[in-house]
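The structure appears right after this line, and notes come after that.
The numbers here are math on the coordinates, done by the rules we state, and not lab data. Keep in mind it's a predicted model, so treat the numbers as computed, not measured. Note that each Cβ is placed from the backbone with ideal geometry, even for glycine, and that neighbours are counted across all protein chains shown.
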Amino acid sequence: MKRATQAVLVILCIVIFLQIACKKADTIIDNLESEWLNGGSQTAFDQGSSSFSHMFSGMSALQNRVHEVGDGQFSATFVAAPAPLNPGLGPIYNNVACVSCHVSDGRGKVPGSGESAANMLFRISLPGIGEHGNPVPIPGFGDQLQSRSVLTASPEGDVSINYTEQSYNFADGDTYSLRTPHYTFINLYMPMPSNALLSPRVAAPVFGLGLLEAVSEEDILKMADPNDANKDGIKGQANYVWDVLNQKKVLGRFGWKANQPSILQQVAAAYNGDMGITNYLFPKESSEGQTQFSSQPGSKTYELADSLLYSVEFYVKSLAVPVRRDITNPAVVRGKALFTQTGCIKCHAADLRTKVNVAFPQVSNQLIHPFTDLLLHDMGDGLADNRPDFLASGKQWRTAPLWGIGLTQKVNGHTNFLHDGRARNLMEAVMWHGGEALAAKNNVVQLSRSDRASLIAFLESL
Amino acid sequence: MKNTFKASLFLTIPMVLAASSCKKSNSDDTQQASTLKAQILADVSANVCTSSYQDMLDKANVLQSAVTALTNTPTDANLAAARTAWKNMRVTWEETEAWLFGPVEADKIDPRIDTWPVDFTQLDQILKSNDELTEAYVDNLDDALKGFHPIEYLLWGQNGTKTAASFTAREKAYLTSLTQNLVKLTTSVRNTWSNGYNKQLATAGAGSTEFTTQQAAYVQLVDAMHDICEEVANSKMKEPFDSQDASKEESPFAKNSIIDFTNNIKGIMIMYQGNFSVDGKGIEDLVRANNLSLDAEIKSKYAAAIAALGTFSVPFGQAIVSEPTKVQNAMTKINDFASTLDEKLKPFILQQVK
């Protein structure tokens, strides 16, 4: 009896061994299954140019339909009022449709020197703190520079971008080069105060946000260490921002500075600020208060139907996360170890679990790998925009999620990273890190050429 | 002793099983299949994608000549010729929407030439303004003020009642610049395909940086085929139909919507067969070599969708009200076709192409 069991065991082992040996090296190995699934059960198995655009699986027919309506609305082009379809654009705006900046639900491309900024915008403010802890709007401009307008109005102005380039060395003598952007206001419709603060923001990918929204506040705060009590040099601070709907301060988790508390508010603010489409949350035109506002046809009600606003919120909320690739590739495996050893993972947290939500099982109790702690970190002078945003200082940025980052080239046709797209590839993005991330960056500087390639191979696999 | 014997017997069976499942069929067959897969990509890249954008550019140039003739000599014959040229170019563009990936997406050509709705309010303001209507001016305008549909609006008028004599000087200038801009953007897609992107697709899995595996390229092709199917059924047709709102209909001035939908679906078969103007290898050849019933299903679902689109007796904007069962039937047939592409062709590709 015992021998029979042993024999069976042996056979089993051999069968398993043979099956593994039979597979090619680049196929899935089952015991790593959770590692492939960046979005937990809501991982999309597509590695192509549509990989950011997949709907959650297993939803009800109604949810699928709302997602589709939201999808249609996300790509709807707005035009000047009056119009039979999608009226209300502007009078001042940055773009005409959600999808115009979030191309293929992905990352905005930064303009080259001299080109106008189509997939990014500029937040502006005066020094100080506004009534809700927010940045102080600039009279005549508000807190965002709208660079386009309908024909009967004037754009607020634009920003010209120029880059200066400097070379640096890795420890082994290899060089890398970083470009520093310089911004100048141009074509302003009225003078801008000389103490105006400016912060460039590239359109960020919009998939996986429903999962990030489902991470509990407690779990995020557990990762915070604002006084660096554990003396590892990494702080991590929560931003508390104004919740327009509930009229109170709550944890911020979306946007480059975690300045938006929810997907709904992010979407509503973008409609209003980026396209000039007034809505339930933000019923006033962004141009209200400007001298040119009075010349615009007024609207007694806001422009976007609530059902459409909520459908776009749901669309964004139910976009799945692309699957990881090549995780058994030796370079990727090595890169993963280096990601931990160099300290990247201290902020780019690999494993989060969403809270239980019986009403929406797709985001309930999922082990996800977003590679962010959703917290603010001092990123040093190099990356500083010197423009506070609620509790985020001029040097702090929210840890950017890294999931799907290796698909940026495929989906968006470029590899511009960081809040203003200054990094032209992943390694440049790594080398821009400073402040709390300086030690990690210095560790990367010390890596050999092949280890650096492995680290990038790992990032490319996300 | 007995136990050991049994064990070794058990051992042998799985080993044989494993060995046989591991073994590739015949090395000649494998070689042939691999050559075919590469050949399909090379043919599709050259004969379908690149040559379709060349064809679209040729037709854009014809449109431009027709518009020049119309603006110089505004006769109704010249107007009819310009309208025909617009419709002809539209045929190719709608077909290419079945391979809407690569430069046309990355360089944002699609929104710049085919945005709906038209911004009538601002279009009228432009015509009334004193702005100089150069091509550069048009290029700077919002997408809703350039491309196919503003040209359509100018050529047909709001109700399709435009006459050659009614063209104002401003309309002529705007129309001329719009057409020049369309030629420019079409040239850009054609150039990006013929100067490098064609090789990206043709060399998938063999040096292509865009498609590091052949599978990635095939998935891109099949996804694009499926996407346009979905878009026609669940967006282009469904949105105006569900809301009974003809303002959501594309190409209403030329009453061209049903032709647009049909050419979208036809593009899928063009891609599948690798036959735009020259019949090269297509995905069809890989399917036929392995699964004839799948090939038959794809073709019958395609035929049913095309047939359903051929039943309308009025333009789409009216059909959503007066022929609802025909609209529903067409959407159903197109969705059936989409399901076959997504649920049968795609798994087939994932299995066959690595």
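Tell me, what ³J(HN,Hα) does each residue in the stretch B:194-210 have, in order and in whole Hz, if you take phi through Karplus 6.51 cos²θ - 1.76 cosθ + 1.60 with θ = phi - 60° and put x for Gly and Pro?
Running phi through 6.51 cos²θ - 1.76 cosθ + 1.60 with θ = phi - 60° gives 6, 9, x, 5, 4, 6, 4, 6, 5, 9, 3, x, 9, x, 5, 7, 6 Hz.
Give, to the nearest whole percent, the P(r) tail of the stretch A:328-450 beyond 17 angstrom, counting all Cα pairs.
65
For A:Ala305 and A:Asn357, compute 0.36 nm times the residue count separating them, minus their Cα-Cα distance, and round to one decimal in nm.
16.0 nm
With the dipole of the protein assembly as shown worked out from charges on the C-beta (+1 for Lys and Arg, -1 for Asp and Glu) around the Cα centre, which of B:Val353, A:Pro135, B:Gln54 lies farthest toward the positive end?
About the Cα centre, the residue reaching furthest to the positive side is B:Val353.
May I ask you to give the average projected area over all directions of the convex hull of the Cα atoms of chain B, in nm² rounded to one decimal?
Averaged projected area of chain B's Cα convex hull equals 22.7 nm².
Please list the non-local residues whose amide H lies under 5 Å from the amide H of A:Val136, H modeled 1.01 Å from N, same-chain partners needing a gap of 5 or more.
A:Leu126, A:Gly130
Which of B:Ser322, B:Ser251, B:Ser235 ends up with the largest GNM mean-square fluctuation for chain B, with Cα atoms connected below 10 Å?
B:Ser322
Among B:Leu341, B:Gly267, B:Val189, flag the residue with its Cα farthest along the positive direction of the charge dipole of the stretch B:34-352, charges on Cβ as +1 for Lys/Arg and -1 for Asp/Glu.
B:Gly267
Please list the non-local residues whose amide H lies under 5 Å from the amide H of A:Val79, H modeled 1.01 Å from N, same-chain partners needing a gap of 5 or more.
Placed amide hydrogens put A:Gly88, A:Leu89 under 5 Å from A:Val79.
Per-residue HN-Hα couplings for the stretch B:101-116, Karplus 6.51 cos²θ - 1.76 cosθ + 1.60 at θ = phi - 60°, whole Hz, x for Gly and Pro?
My calculation for the stretch B:101-116 gives 8, x, x, 5, 8, 4, 8, 6, 6, 3, x, 6, 10, 9, 8, 10 Hz in order.
If you put +1 on each Lys and Arg Cβ and -1 on each Asp and Glu Cβ, how big is the dipole of the stretch B:244-354 around its Cα centre, in Debye rounded to 20?
Dipole about the Cα centre, nearest 20: 180 debye.
Going 7 Å from the Cα of A:Asn162 toward and past its Cβ, which residues in the stretch A:115-145 have a backbone nitrogen under 17 Å from where you end up?
A:115-117
Explain nothing, just the number: dipole magnitude of the stretch A:42-159 about its Cα centre with +1 on each Lys and Arg Cβ and -1 on each Asp and Glu Cβ, in debye rounded to the nearest 20.
60
For chain A, restrict the atom set to alpha-carbon positions and state the Rg and Dmax in Å.
Answer for chain A, Rg first and Dmax second: 23.6, 93 Å.
Explain nothing, just compute: Karplus ³J(HN,Hα) = 6.51 cos²θ - 1.76 cosθ + 1.60, θ = phi - 60°, for every residue of the stretch A:308-313 in order, whole Hz, x for Gly and Pro.
Listing the rounded values in order: 6, 4, 5, 5, 5, 4 Hz.
For chain A, take the longest principal axis of its alpha carbons; what is the angle in degrees between that and the long axis of helix A:263-275, to the nearest 10 within 0 to 90?
So the inclination is approximately 40 degrees.
Once amide H atoms are built 1.01 Å from N in the peptide plane, which residues 5 or more positions from A:Gly252, or in another chain, come under 5 Å H to H?
Placed amide hydrogens put A:Asn239, A:Tyr240, A:Val241 under 5 Å from A:Gly252.
With unit charges on the beta carbon (Lys/Arg positive, Asp/Glu negative), name the residue among A:Trp242, A:Gly276, A:Val363 whose Cα is farthest towards the positive pole of the charge dipole of chain A.
It is A:Val363.
Can you give the charge dipole size of the protein assembly as shown about its Cα centre, rounded to the nearest 20 debye, using +1 on the beta carbon of Lys and Arg and -1 on the beta carbon of Asp and Glu?
Its charge dipole is roughly 2020 debye.
Please work out whether the protein assembly as shown counts as rounded, prolate or oblate from its C-alpha gyration tensor, where a ≥ b ≥ c are the square roots of the eigenvalues and a/c under 1.5 means rounded, while otherwise a/b larger than b/c means prolate and anything else oblate?
Here the protein assembly as shown falls in the oblate category.
Where the centroid of each part is defined by its Cα atoms, how far is the stretch A:400-452 from the stretch A:124-186 in Å?
21
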